[in-house]
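One structure follows; several queries about it will come next.
The values are calculated or read from the model by the stated rules, or taken from the named source; none is laboratory data. Everything numeric here is computed off the predicted structure, so don't read it as measured data. When we count neighbours, we look across all protein chains shown, and the Cβ atoms used for this are built from the backbone with ideal geometry, even at glycine.
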Amino acid sequence: MGLTVKDFAKTLKIKDDALLERMKAAGLSHSKASDEITPADKLAILKSLKERKSSGSSSVTSSSSSGGVTVKSKGTLSQPASSSSSSSEGLTDNIEAKRQAAAENLKEQQQKREDQIKEAIRLKQEQQQAAKKAQQQKPAAQQKPQTRVNVKDQLSRAAKDYSRRETSFNEGTEHQFAKPAEFIKRDVEVPEMIQVGELAKLMFIKGGEVVKVLMSMGVAASINDSIDQETGILVAEELGHNGIALSDSSVEDEIIGNINYSDTPKTRAPVITVMGHVDHGKTTLLDFIRKTKVVDGEAGGITQHIGAYQVPVGDSVITFIDTPGHAAFSSMRARGANTTDVVILVVAANDGVMPQTEEAINHAKAAGVSIVVAINKMDLQGADVERIKGDLAAKDLTPEDWGGNIQMVPVSALKGDGVDKLLEAVVLESELLELKAHYDGQAQGVVIESELDKFRGAVATLLVQNGTLKVGDMVVCGSAVGKVKSIIGSDGSKLKSAEPSFAVEILGLSTVPDAGETFQVVKNDKEAREIAEFREGKLKDRKVLKQRDESLGNIFESMGQSDKKILNVILKSDVAGTSEAIVAALADIGNDDASIKVVASGVGGISESDANLALATESMILGFNVRSDNAAKKIIEGEEIVLSYHSIIYELIDEVKARLSGLLDPIIKEEIVGTAEVLEVFNSPKFGQVAGCKVVEGSILKSKPVRVLRDDVVIHQGELDSLRRFKDDVGEVKSGTECGVGIKNYKDIRPGDKVEVFDRKEEAQSIS
């Protein structure tokens, strides 16, 4: 069915009955909201609306469209953006009608101004002629110069009157709108990124007013700078308008939104994520299930990045996603929870609930997924199942045998005890969820992991969530595009296709996509590149905004903390997920005196450009499971750039902390060595003023600095000129002993003063 009266009424933002009345007035025979509208009907309706507007029956309407943004004032018929062809035609017609009306209005105003000027000139000429005639008739003594004030005033008033009523039709000028007599609250639709000047136009105000509001919010931006959507909405609301978030994904929506699955959803395999604290046995559990030795292949026995595997369980297949347990990978664990159906929470029976156990619980709850608890290491001494259940119950995970809904299965991942029961519990939980997906149609899903292989190029691990992925499909992953050249299963076998819940590696992408990006199969290369270019443009805008904010932040930081130490780091990793996690971990290192700045991060080996960047920015290079090429190695060795290789995440973090600590100035601590009380003061011809003292605490050392205290207030700081015991010069006088003290360049010591000897010690700072 084509465009109906009801649809067109929604497009024009008016009621069905009102539109039917306008159609009747336009001579159309439509009587029901379900009647279809032809293009000719739309033109007739728009012409009728235009005539209504010109006759003064409608309210003032102002519209500005730029970059997919529509501003609607109260009482305005404004057509929003639509992905459908009919809505798009209606919007075009409406805008064209408004433009024609505005042009005619401008033409009328210009003609009126010309008439006013002609009338003023005619009056001026008549006045001049009358004045000339009067001068000729009057005696010379009575003649007075003729004033021209009235003519000038008329011309000025005509010009001012025109400028007040004139509305500029040309786009791109800051002062194109006449200031309304009273404030009009508008609905301001703000895209994901918008220039300050454009935002000002949408609110019909000067750009300087927006800049002032931004400055009051702590945002330094000029009229030509871009701001994000959230900031734009806050500015609009601060100025009394109604800020509305506008999706800027029209290109994506138009292409991806057209993907419809015609088949009936069918049952799919569950996706299971294994989570828990470090070294509680997650990978060992998966290892037993898959009958492989994954633990042996992981550096330090700790999983360094996400892996996805298909495991046959009975007559079905379960997809397992293994996530790292180290604290640095909280973001990776969060992403794993958001792509899963059921979480297996592994808790060591001899250890209990740990900080990362709580994190895993929070991630699972936030993702809204079911939880099955595996109480592991039951073969070790000290295993206490009831204690673990109690600890988990305190975290709102109540066991089934305690009246809750959480299945908890005691297991020994090392020996395999209880693993079958655990899998049965997982299958039962997934059956209750009634998991379904579309099998026919273009595949959609998420990027689990990605890397740059020197032999295979960009490699992405994908989890298919809908549709079937096939060799030869055109895929868009974020801003990466490419035709699928090869599909590789978790066992290394090559596949022709991958159905929902399958985790596979694909080859053929142009660049390495970010882990966590969604992927989508599109019809052809043209659609893929349109989406990729659109996303790349948005990414560039965000980068520009981030760089501006960082630069401004650095300026303010340098103003207040000029002595702050910065350790510049360039990070290269084998996979994108690990790189993301390390960058997040490095951001948490530092204090008010020192911090880490990640100059650049990426996937793949260390190249010549990385070495040159490190040289230019005085950065150290961190390589995680990657190495430098020969060209980079020459620069690194020749310029003595710090390069460090790692394969275990926490060792990398420890080294960065140590190097950052080395940049800090040592802490100088003072320690009081001894205190002497002044009893008498003598004048010696040889030593000058000498204080006779008694050491009341510690020892007085000649080599150490001293302070003079009067009424417990420091009045002088210096060093000893002499220290004598009777007639002998000594280096130290201990507590309870009398001595003579001479202080260099100080002659105001008095009885009752105290001489305090202290020592300074340097202690190296450390970043915890």
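Conditions (1) outside any helix (DSSP H, G or I); (2) touching a residue at least 60 places away in the same chain (Cβ under 8 Å); (3) outside the structural domain of Tyr309 (by TED's automatic domain parsing); (4) under 30 Å from Gly602 (Cβ atoms), marked per residue:
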site: Lys421; (1), (2), (3), (4): no, no, no, no
site: Ala425; (1), (2), (3), (4): no, no, no, no
site: Glu429; (1), (2), (3), (4): no, yes, no, no
site: Tyr439; (1), (2), (3), (4): yes, yes, yes, no
site: Ser450; (1), (2), (3), (4): yes, yes, yes, yes
site: Ala460; (1), (2), (3), (4): yes, no, yes, yes
site: Val464; (1), (2), (3), (4): yes, no, yes, yes
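May I ask you to verify whether Ser628 is outside the structural domain of Asp453 (by TED's automatic domain parsing), modelled with pLDDT of 90 or more and within 23 Å of Asp453 (Cβ to Cβ)? If you could, list the steps in order and put the result at the bottom.
On the way: outside the structural domain of Asp453 (by TED's automatic domain parsing): yes; modelled with pLDDT of 90 or more: yes; within 23 Å of Asp453 (Cβ to Cβ): yes.
Yes, satisfied.
List every residue pair whose Cβ atoms sit under 6 Å apart, with the two residues 6 or more apart in sequence or on different chains, where the first one lies in region 688-715 and is in contact (Cβ under 8 Å) with a residue 24 or more places away in the chain and the second, anywhere, is acidic (Asp, Glu) and in a loop (DSSP other than H, G, I, E, B).
Val708/Asp753; Arg710/Asp753
Can you tell me which residue in region 470-516 is farthest from the chain's Cα centre (by Cα), limited to those that are over 17 Å from Glu449 (Cβ atoms) and among the hydroxyl-bearing types (Ser, Thr, Tyr)? Break it down into steps so the answer makes sense when it comes.
In the first step, residues of region 470-516 are kept if they are over 17 Å from Glu449 (Cβ atoms); the result is 470-474, 476, 479, 481, 483, 485, 493-497, 499-500, 510.
Now narrow it down to the ones that are among the hydroxyl-bearing types (Ser, Thr, Tyr): 479, 493, 497, 510.
Working: Ser479: 17, Ser493: 38, Ser497: 35, Ser510: 25 Å.
So, considering only residues that are over 17 Å from Glu449 (Cβ atoms) and among the hydroxyl-bearing types (Ser, Thr, Tyr), the one farthest from the chain's Cα centre (by Cα) is Ser493.
Every residue, every condition in (1) surrounded by fewer than 18 Cβ atoms within 10 Å (Cβ to Cβ); (2) aliphatic (A, V, I, L, M); (3) in contact with an Asp or Glu (Cβ under 7 Å, 6 or more places away or on another chain), yes or no:
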site: Val696; (1), (2), (3): yes, yes, yes
site: Leu701; (1), (2), (3): no, yes, yes
site: Asp711; (1), (2), (3): yes, no, no
site: His716; (1), (2), (3): yes, no, no
site: Lys727; (1), (2), (3): yes, no, no
site: Thr737; (1), (2), (3): yes, no, no
site: Asp748; (1), (2), (3): yes, no, no
site: Phe758; (1), (2), (3): yes, no, yes
site: Glu762; (1), (2), (3): yes, no, no
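Which condition breaks for Ala328 when tested against (1) at pLDDT below 65; (2) at positive phi?
Going through the list (1) at pLDDT below 65; (2) at positive phi, Ala328 breaks only (2).
Only one of these is buried (at least 23 other Cβ atoms within 10 Å of the Cβ) and over 12 Å from Leu509 (Cα atoms): Ala460, Ala443, Ala425, Ala480. Name it. Spell out the reasoning first.
Numbers: Ala460 fails: over 12 Å from Leu509 (Cα atoms); Ala425 fails: buried (at least 23 other Cβ atoms within 10 Å of the Cβ); Ala480 fails: over 12 Å from Leu509 (Cα atoms).
After applying the criteria, what remains is Ala443.
For region 732-745, give me each residue that is closer than 15 Å to Ala676 by Cβ and part of a loop (DSSP other than H, G, I, E, B).
Restricting attention to region 732-745, the residues satisfying the condition of being closer than 15 Å to Ala676 by Cβ are 732-743.
Those that are closer than 15 Å to Ala676 by Cβ and part of a loop (DSSP other than H, G, I, E, B): Ser735, Gly736, Thr737.
Give Lys266, Lys201 a once-over and let me know the one that is touching a Phe, Trp or Tyr at 6+ places or on another chain (Cβ under 8 Å), at pLDDT 75 or above and surrounded by fewer than 22 Cβ atoms within 10 Å (Cβ to Cβ).
On the way: Lys201 fails: surrounded by fewer than 22 Cβ atoms within 10 Å (Cβ to Cβ).
It is Lys266.
Let me ask another. Pairs under 6 Å by beta carbon, first residue surrounded by fewer than 18 Cβ atoms within 10 Å (Cβ to Cβ) in region 366-381, partner at pLDDT 90 or above, six or more apart or different chains?
Every condition considered, the pairs that remain are Asp379/Ser412.
Here's another thing I want to ask about it. Determine, yes or no, whether Gly692 is surrounded by fewer than 14 Cβ atoms within 10 Å (Cβ to Cβ), over 60 Å from the mean Cα position of the chain (by Cα) and more than 30 Å from Ser766 (Cβ to Cβ). Break it down stepwise before answering.
Values: surrounded by fewer than 14 Cβ atoms within 10 Å (Cβ to Cβ): no; over 60 Å from the mean Cα position of the chain (by Cα): yes; more than 30 Å from Ser766 (Cβ to Cβ): yes.
Answer is no for this residue.
From Ala658, Ala632, grab the single residue that is out of contact with any Cys (no Cβ under 9 Å at 6 or more places or on another chain), crowded, with 17+ Cβ neighbours inside 10 Å and not in a strand (DSSP E or B).
Working: Ala658 fails: crowded, with 17+ Cβ neighbours inside 10 Å.
After ruling out the rest, the residue left standing is Ala632.
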